[in-house]
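Trainee: Dropping the structure in here first, questions after.
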Amino acid sequence: MNPVSLQVTAEFKFRRAVACRPNRRFAEWGTLMTSFLADIRYAVRMFWKNPSFTFAVLAALTLGIGANTAIFSVVNAVLLKPLTYPDADRIVQFLNTSREGGEFPGASATKFHIWQEQSSVFQDVAAYDFSGKGLNLTGAVPEQVHGVHVSEAYFRLFGARTILGRTFTPEEDQPHGGNLVVLSYGFWKRKFGADPHIIGRTISLSGEAYTILGVIGQEFESDPAADLWLPFQFPPNSTDQAHYFTSAGRLKPGVSLSQANAQLKLAYNEFRRRYPDADSNSSFAAKPLKDSIVGNIRKSLIILIVAVSFVLLIACANVANLLMVRAAGRKREFAIRAALGARRIRVISQLLVESILLALTGGALGLGLGFVGVRWLLSVRPGAIPRIGEDGAGVSIDWRVALFTIGVSVLTGILFGLIPAIGASRPDLSTTMNEGGSRSGFGLLQSKARSLLIVSEVGLALVLVVGAGLLIRTFIALRMVQPGFDGHNVITLEMALNGPRFEETAGVAQLVRDSRDQIGSIPGVEEVAVSNTLPLNGGFGLPFIIVGRPLKGPATGGAEWKATSPGYFNALRIPILRGRDFTVSDVGGAPPVVIISVAFAKTNWKKGEDPIGQQLIIGKGVGPEFEEPTRTIIGIVGDVHDGALDQPADPVMIIPLSQMPDGITKLNSHVGPISWIIRTHSDPHQFMPAVTEKLRVASGGFPVAHIRTMDEITIRSTARQDFNMLLLSIFGFAALMLAAIGIYGLMAYTVAQRVREIGIRMALGADRTHIRNMMVWQGMRLALAGVVLGVAGAFALTRLIASSLYGVKSWDPAVFILVPTLLCSVALAATWMPAVRASRLDPMKALRID
């Protein structure tokens, strides 16, 4: 018995069952369920009998749904998952806001104390490091561990539960509160074998003994990640204005964010009254912690989810076209069922069951593809993504991702199944039953629907390819940017200088001199230098005063500041344009000197004026630790991108490392490592064993960490833009191919439907060129309509990626000319083959068909 007869017999049995049951409602529900199961069995048989059709549909759906699942997994981990802290939606981060609308999350000791005083709106106000600091765990096998300085309220604020011991008390978080440490669960287990008797014992950090107070539970997700925590121990009367940590607190019950921000504006007025020399171009504000953590990644993820949704829509359009072609081949089946009394809703439900079953199967396969895909996404180094570790930790296929995949699958099934189902449910019985074949389709409505789907595919594909083109232009433009240094054959190492020996500049300067001499003696090493910051890794900002100029405020301006050893500019091939470099004579007792960048000179001196020999006072008003003597400008160096390559080089002041004030050196020993910069004749990795041994001996056993080449740092600095470009390029290519397949399929089907017409035209004298051009024009009209629609959409939607572009406008003429040309060329190729096939038809054979 054929499938049509089985379906008709089933319907007859359902009606008889309904007539025999006394309970009408129960009978109806039973009939629906039985009918639904019969539809599923029938659909499975039909798919099994048409493997090529089934494979084509499932391949398109798996690709579209899998790509959406992969991207949504990242969106879910970053944007949707709540923070794991108790009452997390009421935790806010404190910000400094500028009059221009900018914001900065840094905190100083003075501001932290002000925020702590706002007890009417906040509770558990805590301070913690931006990203933690390397600490030297000394002993038999030295290693660098990740420590985070926190205030005593930190553990209450973030709900960090101890499984052993306790955390810091308010008294222990005061100056001279003692050397105390709290361990993370992972560090306790790895280093001490989960010893339950660890409390009260000591560990050696940079040669100093620290007493272990407690161990935090495994479930606590520390941000920043930490092996251990130490108390900040801020002086209560500190006047320090340096921003080297961040601060957060919890809104008190009944207090709204707007109320808290209003209170912070008043608190800023009090801050200005107490510290009149502080920067006046800012205010205070609070922002939900989750929003602060996510930052500007939100926009990038929205762009990717929109792009991957376009791919799914294009796949759906292709599948809908396939289903319409398949439905056209089944029109006699539907006509027979209608003649036997099948209602229209039964035909629609049958086709929807088939499409939804296909979509759910594609969704299950897409879920697996998405799991593999998201691992691949994170393996291509997408740059730092908040809430996701370097190893992809934090991304999982949880209930949100599964629900999203199921929802997308069902919606997709309805979306691509509804148009063919509606068209197939109302056949012309008389015409269909009198046809000798099946080449006539369902008429004008479905022809227009197929054409509309193709136009939509082309338009969506063009938007994606335009976006990819703009990001490819950005990729090229960023590679053309001169970072201001030559990082080839340069490697960097970080060393944490903790302990009393390195709290004074003389101790650090001695280590640098000894190490430079020893490392420089290694054959193949060209230059050795030290800096407190590296290019493309950000830096510190300090105010400055140009001696002899009238002041309109507390300072002339602000600029980036760094300290380096002699050889720094030579190691990175940074050109000294005027004046001289630092020498070994620029030590603590020598006249204080400073080198400035070109950007600093252009910002603060008019053309023709000479900054060499003029004097600067750096850090005045920031705090006693930053008070510096008057420095003489001895040189001007080329600009270096200390921030991102897509941002202008900032003005920079560089001082000799050996002339740093002791206060800054002491602070730096607590908050940041120094970076060794080593230039070699060949691959620098081969020199690392000898270099690390020399540093270990010179420092008294301190380890090094974060070994990276400058080339790796440069590549990493553009990882986010490169990642977006890669994904949009993949999506654009997939969209382009799907659109081409869609056009080819439509034209091939059209040729098959119009064989008899073409035969008549040729019999009446139409030549092959005319037939070919007629078919090509039919396909190209759809492609051109899609291109026009896509260009309009691209102009609107590329504004979303404007902030990710560099060196190219969002309306770049080259992209908006080349991409439509490319798409038209692909469409022409897809149309040409069916058109040529149509022009080669034998008129006599064509007229015999049907």
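The values are calculated or read from the model by the stated rules, or taken from the named source; none is laboratory data. Bear in mind that the values here come from a model prediction, so they are computed numbers and not experimental data. Cβ coordinates were reconstructed from backbone atoms using ideal geometry, including for glycine residues, and neighbour counts include every protein chain displayed. Accessible surface is based on the protein model in full, side chains and every heavy atom, while ligands, DNA and RNA are left aside. Shrake-Rupley method; radii C 1.70, N 1.55, O 1.52, S 1.80 Å.
Trainee: On the given criteria, is ILE664 in contact with a Lys or Arg (Cβ under 9 Å, 6 or more places away or on another chain) and open to solvent by less than 20 Å² (accessible area, probe 1.4 Å)?
Mentor: Spelling it out, it is not the case that ILE664 is in contact with a Lys or Arg (Cβ under 9 Å, 6 or more places away or on another chain) and open to solvent by less than 20 Å² (accessible area, probe 1.4 Å).
Trainee: Just give me the residues in the stretch 206-223 being within 14 Å of GLY186 (Cα to Cα), in a loop (DSSP other than H, G, I, E, B) and in contact with a strand residue (DSSP E or B) (Cβ under 9 Å, 6 or more places away or on another chain), in sequence order.
Mentor: If the condition is that a residue be within 14 Å of GLY186 (Cα to Cα), in a loop (DSSP other than H, G, I, E, B) and in contact with a strand residue (DSSP E or B) (Cβ under 9 Å, 6 or more places away or on another chain), then GLY217, GLN218, SER222 are the ones that fit.
Trainee: Mind telling me which of the residues ILE771, ILE760, ILE707, ILE743 ends up being on the phi < 0 side of the Ramachandran plot, part of a helix (DSSP H, G or I) and open to solvent by 20 Å² or more (accessible area, probe 1.4 Å)?
Mentor: ILE760
Trainee: Continuing with the same structure: What's the number of the only condition in (1) open to solvent by 30 Å² or more (accessible area, probe 1.4 Å); (2) not in a helix (DSSP H, G or I) that LYS265 fails to meet?
Mentor: Unmet condition: (2).
Trainee: Go through the stretch 591-605 and report how many residues are closer than 13 Å to ARG631 by Cβ and open to solvent by 20 Å² or more (accessible area, probe 1.4 Å).
Mentor: Summing the residues that are closer than 13 Å to ARG631 by Cβ and open to solvent by 20 Å² or more (accessible area, probe 1.4 Å) in the stretch 591-605 gives 2.
Trainee: Let me ask another. Could you go through the stretch 506-513 and let me know if any residue there is open to solvent by 50 Å² or more (accessible area, probe 1.4 Å), in contact (Cβ under 8 Å) with a residue 12 or more places away in the chain, farther than 30 Å from ALA719 by Cα and over 38 Å from the mean Cα position of the chain (by Cα).
Mentor: yes
Trainee: Look through the stretch 323-361, keep the residues that are open to solvent by 50 Å² or more (accessible area, probe 1.4 Å) and modelled with pLDDT of 80 or more, and return whichever of them is nearest to VAL408 (Cα to Cα).
Mentor: Filtering first and then ranking leaves LEU360.
Trainee: Moving to a separate point now. Quick one: ASP646 ticks every box in (1) free of Cβ contacts under 8 Å to residues at least 60 places away in the same chain; (2) under 41 Å from the mean Cα position of the chain (by Cα); (3) assigned to a loop (DSSP other than H, G, I, E, B) bar one, so which box is it?
Mentor: Failed condition: (1).
Trainee: Here's a follow-up. So MET480 clears everything in (1) more than 30 Å from GLY588 (Cα to Cα); (2) crowded, with 21+ Cβ neighbours inside 10 Å except one condition, right? Which one?
Mentor: (2)
Trainee: Still on this model: Which condition number in (1) acidic (Asp, Glu); (2) modelled with pLDDT under 90; (3) in contact with a strand residue (DSSP E or B) (Cβ under 9 Å, 6 or more places away or on another chain) is the one that ASP227 fails?
Mentor: (2)
Trainee: Further, regarding this structure: Can you find, within the stretch 609-639, the residue that is most open to solvent (accessible area, probe 1.4 Å) among those that are in contact (Cβ under 8 Å) with a residue 60 or more places away in the chain and aliphatic (A, V, I, L, M)?
Mentor: ILE617
Trainee: Now for a separate question. Answer with yes or no whether THR246 is open to solvent by 10 Å² or more (accessible area, probe 1.4 Å) and either touching a residue at least 24 places away in the same chain (Cβ under 8 Å) or closer than 22 Å to ASN498 by Cα (or both).
Mentor: no
Trainee: When the residues of the stretch 282-299 are filtered to those that are farther than 23 Å from TYR154 by Cα and out of contact with any Ser or Thr (no Cβ under 6 Å at 6 or more places or on another chain), which remaining residue is modelled with the lowest pLDDT?
Mentor: Going through the qualifying residues, I end up with ASN296.
Trainee: On the basis of being farther than 27 Å from PRO86 by Cα, of a type outside the set (S, T, N, Q), open to solvent by less than 40 Å² (accessible area, probe 1.4 Å) and without any contact (Cβ under 8 Å) to a residue 12 or more places away in the chain, does ASP240 make the cut?
Mentor: The answer is no for ASP240.
Trainee: So, one more: Going by what's in this entry, would TYR806 be described as out of contact with any Gly (no Cβ under 6 Å at 6 or more places or on another chain), assigned to a loop (DSSP other than H, G, I, E, B) and either surrounded by 17 or more Cβ atoms within 10 Å (Cβ to Cβ) or on the phi < 0 side of the Ramachandran plot (or both)?
Mentor: So TYR806 passes the test.
Trainee: Let me ask something else about it. Please determine, by comparing only the residues of the stretch 518-548 that are touching an Asp or Glu at 6+ places or on another chain (Cβ under 6 Å) and part of a loop (DSSP other than H, G, I, E, B), which one is modelled with the highest pLDDT.
Mentor: PRO535
Trainee: Could you grab the pairs with beta carbons closer than 9 Å, sequence gap of 6+ or different chains, first residue in the stretch 812-828 and over 26 Å from LEU746 (Cβ atoms), second one hydrophobic (A, V, I, L, M, F, W, C) and not in a helix (DSSP H, G or I)?
Mentor: ASP812/LEU805; ALA814/VAL808; VAL815/VAL808
Trainee: Would you call VAL308 closer than 30 Å to THR798 by Cα and at pLDDT 80 or above?
Mentor: So VAL308 fits the description; yes.
Trainee: Here is a further query. If a residue has to be surrounded by fewer than 19 Cβ atoms within 10 Å (Cβ to Cβ) and not polar (S, T, N, Q) to count, how many in the stretch 250-262 make the cut?
Mentor: Number of matching residues: 6.
Trainee: So which residues in the stretch 471-520 are under 30 Å from PHE731 (Cα atoms) and among the aliphatic types (A, V, I, L, M)?
Mentor: Residues satisfying the conditions are LEU471, ILE472, ILE476, ALA477, LEU478, MET480, VAL481.
Trainee: Somewhere in the stretch 111-126, is a residue closer than 11 Å to THR246 by Cα, touching a helix residue (DSSP H, G or I) at 6+ places or on another chain (Cβ under 7 Å) and basic (Lys, Arg)?
Mentor: There is at least one residue in the stretch 111-126 that is closer than 11 Å to THR246 by Cα, touching a helix residue (DSSP H, G or I) at 6+ places or on another chain (Cβ under 7 Å) and basic (Lys, Arg).
Trainee: Right, another one. Taking only the stretch 749-785 into account, find how many residues are more than 23 Å from ALA327 (Cα to Cα), touching a residue at least 40 places away in the same chain (Cβ under 8 Å) and basic (Lys, Arg).
Mentor: Of the residues in that region, 2 qualify.
Trainee: Taking the options ALA829, ALA814, name whichever one is of a type in the set (A, V, I, L, M, F, W, C) and in contact with a Lys or Arg (Cβ under 8 Å, 6 or more places away or on another chain).
Mentor: Only one candidate passes the filter, namely ALA814.
Trainee: Further, regarding this structure: Out of SER379, SER396, report the one residue that is closer than 30 Å to GLU219 by Cβ, at pLDDT 70 or above, open to solvent by 60 Å² or more (accessible area, probe 1.4 Å) and among the polar types (S, T, N, Q).
Mentor: Unique residue meeting the criteria: SER379.
Trainee: Does at least one position in the stretch 676-691 carry a residue that is open to solvent by 40 Å² or more (accessible area, probe 1.4 Å), closer than 30 Å to SER804 by Cα and hydrophobic (A, V, I, L, M, F, W, C)?
Mentor: no
Conditions (1) among the basic types (Lys, Arg); (2) at positive phi; (3) open to solvent by 20 Å² or more (accessible area, probe 1.4 Å), marked per residue:
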position: LYS607; (1), (2), (3): yes, no, yes
position: ILE654; (1), (2), (3): no, no, no
position: SER658; (1), (2), (3): no, no, yes
position: SER669; (1), (2), (3): no, no, no
position: SER699; (1), (2), (3): no, no, no
